[in-house]
Amino acid sequence: MAVQARDREIHERFARGIAAEQRGDWTAAATEFQRVIVLDPPEPKGSTARYDLALAEARLGRNDAAAALLEEALHRDTRFAAAAANLVAIELRRGDLAAARAAADRFIAIAPDAALAHYSQGIAALRAGDLGTARTDFRSLSETDPTYAVAHYDLALVELRSGRDEVAQTELQRALMLAPGYARARFALGTVLLRAGQRTEARLTFDRCARDASDPELRALAIEVRDQL
């Protein structure tokens, strides 16, 4: 009877925790998943509870706790791809580039053909200044899925960091052909055009960016640069 009661509570706590996640009540979700962990369910519930608690902790701004929980989840289930993916993002948020790259390597090992794994590894490498690895990952993504505008944008950032403005301009133009409303890519293109001395084209590009941007800070910056040209 005690085992049945425990299993029933685990099931009910999971259900309440997921419902809390869906309505954005991260404090309530954390409470439910903390209790599930105390009840120590077998796999895969044990690693899943830690993963869901990590998501709640991250939403509550407790990134150190979230990273530790994701590490525990991966220790219990070494093939937990979603845990590895989120660990990359959390470590980048914490500013621990070495840990982010280690998590990205684990993600690649778990899912070597997954686009998100290569994207995560590329982002971690770019943030760490490893332009060669970042270029390889973003190039692989853009070749695997030529319609993936974000891969072309991130590859452009690599090329800009490498001082290869013409290559960067080509990648930004490809990104914008695929996603004309991609405001960050358009702002970057405006910067490249300005550096190339193409002031008229740059002004038009910043103007379009200002109209497309949903981020008020990006919109304000685009307007400021446009009005100075």
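Out of all the residues in the stretch 35-50, which are surrounded by fewer than 16 Cβ atoms within 10 Å (Cβ to Cβ) and either touching a strand residue (DSSP E or B) at 6+ places or on another chain (Cβ under 9 Å) or not in a loop (DSSP other than H, G, I, E, B) (or both)? Scanning the stretch 35-50 gives VAL38, LEU39. Each residue in the stretch 140-150 was checked for being assigned to a helix (DSSP H, G or I) and over 20 Å from LEU189 (Cβ atoms), and 3 pass.
Going by the structure shown, is GLU57 crowded, with 19+ Cβ neighbours inside 10 Å, out of contact with any Gly (no Cβ under 9 Å at 6 or more places or on another chain), without any contact (Cβ under 8 Å) to a residue 40 or more places away in the chain and within 26 Å of GLY129 (Cα to Cα)? Break it down stepwise before answering.
Numbers: crowded, with 19+ Cβ neighbours inside 10 Å: yes; out of contact with any Gly (no Cβ under 9 Å at 6 or more places or on another chain): yes; without any contact (Cβ under 8 Å) to a residue 40 or more places away in the chain: yes; within 26 Å of GLY129 (Cα to Cα): no.
Considered against the rule, which asks whether it is crowded, with 19+ Cβ neighbours inside 10 Å, out of contact with any Gly (no Cβ under 9 Å at 6 or more places or on another chain), without any contact (Cβ under 8 Å) to a residue 40 or more places away in the chain and within 26 Å of GLY129 (Cα to Cα), GLU57 comes out as no.
Flag set for ALA99, criterion: closer than 27 Å to ALA68 by Cβ and modelled with pLDDT of 90 or more.
Here is a yes/no grid of residues against (1) aliphatic (A, V, I, L, M); (2) out of contact with any strand residue (DSSP E or B) (no Cβ under 9 Å at 6 or more places or on another chain); (3) part of a loop (DSSP other than H, G, I, E, B):
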| position | (1), (2), (3) |
| --- | --- |
| LEU92 | yes, yes, no |
| ALA124 | yes, yes, no |
| PHE138 | no, yes, no |
| MET177 | yes, yes, no |
| PRO180 | no, yes, yes |
| ARG184 | no, yes, no |
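Just one of the listed residues (ALA103, ALA5, ALA29) is within 23 Å of SER120 (Cβ to Cβ) and either in a helix (DSSP H, G or I) or among the acidic types (Asp, Glu) (or both), and it is ALA103.
Taken together, ALA114, ALA151, ALA67 contain a single residue that is under 15 Å from the mean Cα position of the chain (by Cα), within 30 Å of ALA179 (Cα to Cα) and either of a type in the set (Ser, Thr, Tyr) or crowded, with 17+ Cβ neighbours inside 10 Å (or both), which is ALA151.
The values are calculated or read from the model by the stated rules, or taken from the named source; none is laboratory data. No experiment lies behind these values; they were computed from the predicted model shown. Here Cβ is always computed from backbone atoms with ideal geometry, including for glycine, and neighbour counts include all displayed protein chains.
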